[in-house]
Amino acid sequence: MRLTRLDALRGLAMVWMTLFHLCFDLNQFGWISQDFYRDPLWTSQRTAIVSLFLLCAGAAQAAAIAQRQSTKRFARRWLQIAGCAGLVSMGSWWMFPGSWIYFGVLHGMAVMLLILRWAALRWPGDDRRWWLAGAVAIALAWAGPGLIAAHPALSVFNQSGLNWIGLISQKPVTEDHVPVLPWLGLMIWGHVGMRHLLRHHLAWLESPLPRTLHRPLQLLAGLGGWSLTYYMLHQPVMIAALIAVGWLMGS
């Protein structure tokens with residue numbers, strides 16, 4: 001059973017991501033001039049979009065476990081995500097050889113889903129512990145620079161083979177970096193938030209979408225139901241379209 005409201009929220013994140021990436025592509029083509037790596041206008045949006053995606057991923061995993069999703073079905077979906085992460089790495093290496101994506105949002109999601117499912121099946125108990133675990137994951141990332149400054153031996157976590165953990169004091173040179181810390185905390189919060197809704201507000205989750213916004217929410221929900229496919233296709237399509245527009249304008 002699909003949760004239409006969750007799909008609509010994921011669809012909203014996808015629309016926001018598309019607009020963000022369109023602006024990024026326009027900047028790469030030289031049609032606008034923006035600093036996507038340091039300007040808070042863009043860095044804060046990137047953080048918000050990733051946060052929304054991971055909250056939705058954690059919530060979806062809670063719903064899947066509640067619906068007794070089989071290990072086989074989980075494994076099939078996980079392999080799709082991991083495979084797409086590999087394709088992202090190859091594509092980014094071709095476009096950005098000096099800053100290719102080796103642990104972006106799909107890489108992080110693949111690792112974090114394994115951690116989350118393993119923990120959720122073994123410790124299904126007190127939600128307060130889960131909220132605390134999410135907070136600890138976020139706090140550890142924030143404390144990383146201070147811990148490394150106080151204990152220089154921990155600077156080993158800045159190396160490329162370990163910076164996917166997230167206990168770092170230096171941002172790596174890559175187009176997208178979504179380490180386990182702090183982002184696992186957001187996925188945990190999405191998971192425990194959905195568990196609460198499933199227990200106490202199931203009728204609201206399963207109720208029809210509001211009539212006043214039914215059509216746009218339905219469109220968002222339809223988009224959210226194909227999130228991985230859309231994620232993989234939207235950038236190649238937009239880049240090809242911009243190349244075509246540039247060629248037509250120059251001809």
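What the table shows:
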item: Matching residues, segment 72-112, being at pLDDT below 95, among the polar types (S, T, N, Q) and farther than 19 Å from Trp183 by Cβ; result: Ser99
item: Total residues in segment 25-47, condition in a helix (DSSP H, G or I), without any contact (Cβ under 8 Å) to a residue 24 or more places away in the chain and not aromatic (Phe, Trp, Tyr); result: 7
item: Filter result (surrounded by fewer than 18 Cβ atoms within 10 Å (Cβ to Cβ) and either within 30 Å of Arg129 (Cα to Cα) or of a type in the set (D, E, K, R) (or both)) within segment 199-228; result: Arg199, His200, His201, Leu202, Ala203, Trp204, Leu205, Glu206, Ser207, Arg211, Arg215
item: Those residues of segment 88-118 which are without any contact (Cβ under 8 Å) to a residue 60 or more places away in the chain, part of a helix (DSSP H, G or I) and exposed (fewer than 15 other Cβ atoms within 10 Å of the Cβ), in sequence order; result: Met90, Trp93, Trp94, Met95, Leu114, Trp118
item: Conditions (1) part of a helix (DSSP H, G or I); (2) out of contact with any Leu (no Cβ under 8 Å at 6 or more places or on another chain); (3) at pLDDT below 95: number failed by Val192; result: (3)
item: Boolean, Leu3 is of a type outside the set (Phe, Trp, Tyr) and either modelled with pLDDT under 95 or within 30 Å of Gly161 (Cα to Cα) (or both); result: yes
item: Pairs where the first residue, in segment 149-173, is at positive phi and the second is part of a helix (DSSP H, G or I), C-beta under 8 Å, 6+ apart; result: Gly166/Leu140; Gly166/Ala141; Gly166/Gly144; Gly166/Val180; Gly166/Leu181; Gly166/Pro182; Gly166/Trp183
item: Qualifying positions in segment 119-131 - under 20 Å from His200 (Cβ atoms) and part of a helix (DSSP H, G or I); result: Ala120, Asp127, Arg128, Arg129, Trp130, Trp131
item: Residue match in segment 33-46 (condition: in contact with an Asp or Glu (Cβ under 9 Å, 6 or more places away or on another chain) and either buried (at least 20 other Cβ atoms within 10 Å of the Cβ) or basic (Lys, Arg) (or both)); result: yes
item: Among residues of segment 55-82, those that are closer than 27 Å to Pro236 by Cα, without any contact (Cβ under 8 Å) to a residue 24 or more places away in the chain and surrounded by 14 or more Cβ atoms within 10 Å (Cβ to Cβ), counted; result: 1
item: Scope segment 214-232; condition polar (S, T, N, Q) and under 9 Å from Gly11 (Cβ atoms); matching residues; result: Ser227
item: Residue within segment 198-218 that is closer than 24 Å to His107 by Cβ and of a type in the set (Gly, Ala, Ser) present; result: no
item: Any hit, segment 122-133, residues being within 22 Å of Tyr37 (Cα to Cα), modelled with pLDDT under 95 and exposed (fewer than 12 other Cβ atoms within 10 Å of the Cβ); result: no
item: Subset of segment 144-172 that is in contact with a Leu (Cβ under 8 Å, 6 or more places away or on another chain) and assigned to a loop (DSSP other than H, G, I, E, B) - its residue that is surrounded by the fewest Cβ atoms within 10 Å (Cβ to Cβ); result: Ile165
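One line per residue, one yes/no per condition, for (1) within 27 Å of Ile138 (Cα to Cα); (2) of a type in the set (S, T, N, Q); (3) outside any helix (DSSP H, G or I):
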{"position": "Arg2", "(1), (2), (3)": "no, no, yes"}
{"position": "Leu6", "(1), (2), (3)": "yes, no, no"}
{"position": "Leu22", "(1), (2), (3)": "no, no, no"}
{"position": "Ala85", "(1), (2), (3)": "yes, no, no"}
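The values are calculated or read from the model by the stated rules, or taken from the named source; none is laboratory data. Quick caveat: nothing in here was measured; it's all calculated off a predicted structure. Neighbour counts run over all protein chains shown; Cβ positions are idealised from the backbone, glycine included.
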